[in-house]
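Student: Would you mind keeping the following structure in view while I ask a few things?
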Amino acid sequence: MGLAEQQLASLNAAISIAGKGNAFYQPKIRGCGGEKGFASLDAYAESMPFTTKQELAENYQTNDPYGTNLSYPIDRYTRLHQTSGTTGRPMAWLDTPESWNWIIDNWVAIWKACGAKAGESAAFPFSFGPFLGFWSAFEAASKVGLRCIPLGGQQSLERLRMIIRYQPEWLCCTPTYALHLMNVSLREGIDLAGSSVKNIIVGGEPGGSVSAVRSRIESGWGGARVFDHHGMTEVGPVTYSDLHEPQRLRILHKSYYTEVIDPESERPVSYGQVGELVLTTLGRSGSPLFRYRTGDLVKPVAIEGEDPKAFALEGGILGRADDMVVVRGINLYPSAVDAVIRSFSGIGEYQVNISKQDSMVQARIQVEKISNVEDEILKMKLQKRLREVFALRIPVDIAEPGTLPQFEMKAKRWKVSD
């Protein structure tokens, strides 16, 4: 059975379950004539309407606290997680044991694809909050046979000391936090180059598929290999780094029917073009998502020698459709700006300020200097590099170390004001 046939069978099974008991999706399924399933994936994509975050948010507001995207009675659900709320009020997401096992199995596939082996150990330096975060990665790691080291509820220095003490081969965190731990180690005189960490799985924000960011993390951690990953609370774990082309993300196609569309026309984009990622979960039947517009901007590319329905994402997650800013006719993507800034080793945290002046959109960047380079020299070099990459003059200001916000999970570095 080919990939398309597997996806279609899983899709129709999910549609059948939702059609029987999911109040949110029943009208959509009836409205497109999908009660008996779809004859093909193309028929599904042509007739099933999109699901949007705004639509879900409105449903939650009307049906607080769980919404109506539930295929079973409430007593069937055993897990609750919460979206980050970066685009509004956080949404609770429920899972049945079967749906949660599907999520865990997806993360098991990611661990194995990255080369994790039973008997090794992994450290998780983040707080176990209500968001999905690395909860599923933690449980899946133990299923693979890894010894899991939770590092929540501590300061960064304490976490570093535990890493040195327990000698994990694996580290799971955001790209931002991997860089932050590097800065703390420099300040405290801890040599990460000789640490036990040989592999770092990053997620939660763009960066792991960006060469400049990945190279800086790898050099700061003594040559540890960085693997990118992305997922969402409402969707689950979706991608992981291509082992041979780390600037690409591989998709768990057996678990997700994936489309990439033009955000304006809503038509599919061709390989090599940037578009919005649209996902259908094929196994999270307790709280499914059909044709979910994620808001993530990606560039699909073909995978040589594999199923024609499979594709990868060049450059990882490029940014969000609502984050991309046009400054004097130039598209500024967060991942592209991050790549430039992370190519400078003397910079810690940074912040991008976007404002409108006389109906013109302007960008200005603040950076923390963590090296002995003179402020003016660093400022001039960074401004020059930004101008070379974007053909824009973007002013740079130097901030004192520790004065800009620090982030353990998703970084919020872009501030937009009128």
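FYI, it's all coordinate maths here, none of it is from the lab. Small disclaimer: the values here were computed from a predicted structure and weren't measured. Cβ sites come from the backbone with ideal geometry, for glycine too, and all protein chains shown count toward neighbours.
Student: Only one of the listed values, [x] 93, 56, 53; [y] 85, 56, 40; [z] 68, 57, 47, was derived from the coordinates as Cα extents along the principal axes in Å; which label is it?
Tutor: [z]
Student: Just order 397-406, 234-243 by mean Cβ neighbour count inside 10 Å, highest at the front, would you?
Tutor: Answer by packing, highest mean first, reads 234-243, 397-406.
Student: Which residue, 145, 319, 275, has the most motion in a Gaussian network model of the chain that connects Cα atoms within less than 10 Å?
Tutor: Maximum among the listed residues: 145.
Student: Same structure again: What angle do you read, to the nearest 10 degrees and between 0 and 90, between the alpha-carbon axis of helix 375-390 and the longest principal axis of the chain?
Tutor: 40 degrees
Student: Restricting to bridges with both residues inside the stretch 299-418, how much of the DSSP beta-bridge set is antiparallel, in percent to the nearest 5?
Tutor: Taking every DSSP beta bridge within the stretch 299-418, about 65 percent pair in antiparallel fashion.
Student: Where both partners of a DSSP beta bridge lie in the chain, what percent of those bridges are antiparallel, to the nearest 5?
Tutor: The answer is about 65 percent antiparallel.
Student: Which residue, 69, 151, 140, has the largest displacement toward the positive end of the dipole of the chain when charges sit on each Cβ (Lys, Arg +1; Asp, Glu -1)?
Tutor: Going by the Cα projections, it comes out as 151.
Student: Further question: So which aspartates and glutamates pass the test for residue 381, namely a Cα distance under 16 Å, with those fewer than 8 places away in the same chain ruled out?
Tutor: Candidates past the 8-residue exclusion: 338, 368, 397.
Student: Excluding residue 146 itself, calculate the net charge of residues whose Cβ lies under 14 Å from the Cβ of residue 146, where each Lys or Arg counts +1 and each Asp or Glu counts -1.
Tutor: In short, +2.
Student: Another one. Subtract the Cα-Cα distance of residue 162 and residue 326 from 0.36 nm times their separation in residues, and report this length gain in nm to one decimal.
Tutor: Contour length minus Cα-Cα distance gives 54.7 nm.
Student: Once amide H atoms are placed 1.01 Å from N in the peptide plane, what residues at a sequence separation of 5 or more from residue 414, or on another chain, have their amide H within under 5 Å of its amide H?
Tutor: 352
Student: Have a look at 344, 362, 390 and report the one farthest towards the positive end of the charge dipole of the stretch 324-403, computed about the Cα centre with Cβ charges (Lys/Arg +1, Asp/Glu -1).
Tutor: Of 344, 362, 390, it is 390.
Student: Another one. Pick from 148, 173, 32 the residue whose mean-square fluctuation is largest in a GNM of the chain, springs joining Cα atoms under 10 Å.
Tutor: Sorting by GNM fluctuation, first place goes to 32.
Student: Something else now. Roughly how many debye, to the nearest 20, is the charge dipole of the chain about its Cα centre, given +1 on each Lys and Arg Cβ, -1 on each Asp and Glu Cβ, and no other charges?
Tutor: 420 debye
Student: With the cut-off at 23 Å, tell me which of the pairs 143/198; 117/412; 53/415; 356/415; 379/415 have Cα atoms farther apart than that.
Tutor: Flagged as over cut-off: 117/412.
Student: Contour minus end-to-end for residue 388 and residue 188, with contour as 0.36 nm per residue of separation and end-to-end as the Cα-Cα distance?
Tutor: 68.5 nm
Student: Cβ neighbours within 10 Å, averaged per peptide: list 155-165, 287-297, 370-380, 116-126 in order, most packed at the top.
Tutor: 287-297, 116-126, 155-165, 370-380
Student: Work out the length of the dipole vector of the stretch 180-233 about its Cα centre, built from +1 on the beta-carbon of each Lys and Arg and -1 on the beta-carbon of each Asp and Glu, and round it to the nearest 20 debye.
Tutor: 100 debye
Student: Between residue 47 and residue 89, what FRET efficiency follows from the Cβ-Cβ distance if R0 is 41 Å, with the result rounded to 0.05?
Tutor: Once the sixth-power term is evaluated, E becomes 0.85.
Student: Leaving out same-chain residues fewer than 8 places away, which aspartates and glutamates sit with a Cα under 14 Å from that of residue 20?
Tutor: Straight-line reach from residue 20, under 14 Å: 35.
Student: Tell me the mean residue ellipticity at 222 nm calculated for the chain from its helices only (DSSP H runs of n ≥ 4, each -39500 (n - 2.57), averaged over every residue, nearest 500).
Tutor: -9500 deg cm²/dmol
Student: Residues in the stretch 309-351 near a label at residue 55, defined as backbone nitrogen under 11 Å from the 7 Å Cα→Cβ point?
Tutor: Answer for this model: none.
Student: What length, rounded to one decimal in nm, is gained on full extension from residue 381 through to residue 113, with 0.36 nm per residue of separation minus their alpha-carbon distance?
Tutor: So the chain would gain 92.6 nm between residue 381 and residue 113.
Student: Out of residues 5 or more away from residue 203 or on other chains, whose amide H comes under 5 Å of its own, with H placed 1.01 Å from N in the peptide plane?
Tutor: Residues meeting the amide H criterion: 173, 174.
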